[in-house]
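Encoded as structure tokens, the structure appears first; notes follow it.
The values are calculated or read from the model by the stated rules, or taken from the named source; none is laboratory data. What you see is a predicted model, and the numbers here were worked out from it, not measured in a lab. Positions of Cβ are backbone-derived with ideal geometry, glycine not excepted, and every protein chain shown enters the neighbour counts.
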Amino acid sequence: MSNASSKDQTGLIGWLRTHRNWCLIVLLPTVLVAAYYYLIAADQYESEAHFVVRTSDSQPAAPSGLGQALTLVGGASSERDALVIADYLKSHDAVAALQAKIGLVQRYRRPEADFFSRLWSAHPSPERLEKYFDGKSNVDVSTETGITTVKVRSFRPSDSYKIIQELLKLGENRVNTLNRRNYANAVALSRAKVEEAETNLSQIQGRITRFRRDEQDFNPQVTGATRTTMVSELQGQLAVARAQESSMAAVLSANSPQLVSVRQRVAALSRQVAAETAKLSQGPGNVASGLGAYEGIKVRQEMAGKQLDVAYAALQRAQDDARRQQLFVVPVVDPNMPVRALYPQRTKVVVTTFLALLLAYGIGWLIAAGVREHAA
């Protein structure tokens, strides 16, 4: 029995000596990697969520069945909008916000975290924290369906769940911020046009007020119509008086008191008609010039009013278009509370390491054999 054991040990030692290069290059590193991952590496729990970013009137193409389903329920997000939100979720702004809200550093320095995978510094620089968190999270946008997938890993299930929840809230807040900015930018020009039209209309109305005050005439159009009517009535009275004068002159003497009275009335009406007619078109402050100036201002007022109506309509259209183009985050898969640790993938890493080292050793052995053969 003792002799058999000694032979086994001698055989093992001999085999190790014979294959010492293979053991040093392949076996030993694989054993060290396996020891780290199976004995030291801490479990990491991953939480995952899916969402889409879309607009109210977005109707993008959907080649896949899932994309068509999303279009039927409200439209898949445009890739550009989704990429904007994904870029923000991976930015230093999002990492800084997570640190301020939930203490990102403390969550990645848990006691159960191993030395190599934990966040080493208790006060890392923003760049270092961003780089570390980038290795623990992933944001991917599908170009086919527009679905954004967010994954977060940490050393406790509750931490992963809390981090991804806050990350999604940050994404929604960023969408709201973009909506406010886009809305303000979209209506800014139209609002400026409205303000310009309002100012122009106000100035013209001020000119009308000054005209009425200076001319002491509230409405020259009404005044002109009134004076024209009065002149017409006076001309009618004058025509009647002249007809009466002609009929009386045929039967009465020139010195007849009745004929003299009628002639005086005709003369008075003639002077009054001439005076009122002159006020309509001659002399300072005549109705014609005042009416022309007033109508010119009124035409400008009507044009300014129409411009204001057009500006208001353009503003309303800009507001409606901006509202239709607002972004919305539509959850597809809510964050999950992890139950089983998915990372590190121990077996996969160890097998991959072994196969990679074995391949490298085989290539090196072939090269060395070729060199020896060539030297011989």
- Item | Among (1) assigned by TED's automatic domain parsing to the domain that holds Asn336; (2) over 17 Å from Arg153 (Cβ atoms); (3) at pLDDT 90 or above; (4) in a helix (DSSP H, G or I) - the single one Leu66 does not satisfy | (3)
- Candidates Val332, Val349, filtered to the one that is outside any helix (DSSP H, G or I), touching a residue at least 24 places away in the same chain (Cβ under 8 Å) and not charged (D, E, K, R): Val332
- Message: Which condition from (1) crowded, with 21+ Cβ neighbours inside 10 Å; (2) touching a helix residue (DSSP H, G or I) at 6+ places or on another chain (Cβ under 9 Å); (3) hydrophobic (A, V, I, L, M, F, W, C) is the one that Ile164 breaks?
- Response: (2)
- Message: Residue under question is Leu357, and the condition is that it be aliphatic (A, V, I, L, M) and crowded, with 16+ Cβ neighbours inside 10 Å; does it hold?
- Response: yes
- Item | Condition check for Gln99: exposed (fewer than 14 other Cβ atoms within 10 Å of the Cβ), in a helix (DSSP H, G or I) and more than 24 Å from the chain's Cα centre (by Cα) | no
- Which of (1) among the β-branched types (Val, Ile, Thr); (2) modelled with pLDDT of 70 or more; (3) touching a helix residue (DSSP H, G or I) at 6+ places or on another chain (Cβ under 7 Å) is the odd one out, the single condition Val273 does not satisfy? (2)
- Out of curiosity, is Arg153 surrounded by 19 or more Cβ atoms within 10 Å (Cβ to Cβ), of a type in the set (Lys, Arg), touching a helix residue (DSSP H, G or I) at 6+ places or on another chain (Cβ under 9 Å) and on the phi < 0 side of the Ramachandran plot? yes
- Message: Just to be sure I understand the filter: pairs with C-beta atoms under 8 Å, separated by 6 or more residues or on different chains, first member in region 257-274 and over 14 Å from Gly236 (Cα atoms) and in the same structural domain as Glu233 (by TED's automatic domain parsing), second member modelled with pLDDT under 75 and not in a helix (DSSP H, G or I). Which pairs pass?
- Response: Gln258/Leu252; Leu259/Leu252; Leu259/Ser253
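For (1) hydrophobic (A, V, I, L, M, F, W, C); (2) modelled with pLDDT of 85 or more; (3) under 24 Å from Asn336 (Cα atoms); (4) assigned to a strand (DSSP E or B), each residue gets a yes or a no:
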| site | (1), (2), (3), (4) |
| --- | --- |
| Asp134 | no, yes, yes, no |
| Val139 | yes, yes, yes, yes |
| Ser160 | no, yes, yes, no |
| Ile163 | yes, yes, yes, no |
| Gly206 | no, no, no, no |
- What pairs come up if the first residue lies in region 186-197 and is within 14 Å of Arg317 (Cβ to Cβ), the second is polar (S, T, N, Q), and their beta carbons are under 6 Å apart, counting only those six or more places apart or on different chains? Val187/Gln319
- Item | Sole exception among (1) exposed (fewer than 14 other Cβ atoms within 10 Å of the Cβ); (2) at pLDDT below 70; (3) of a type outside the set (Lys, Arg) for Gly370, by number | (2)
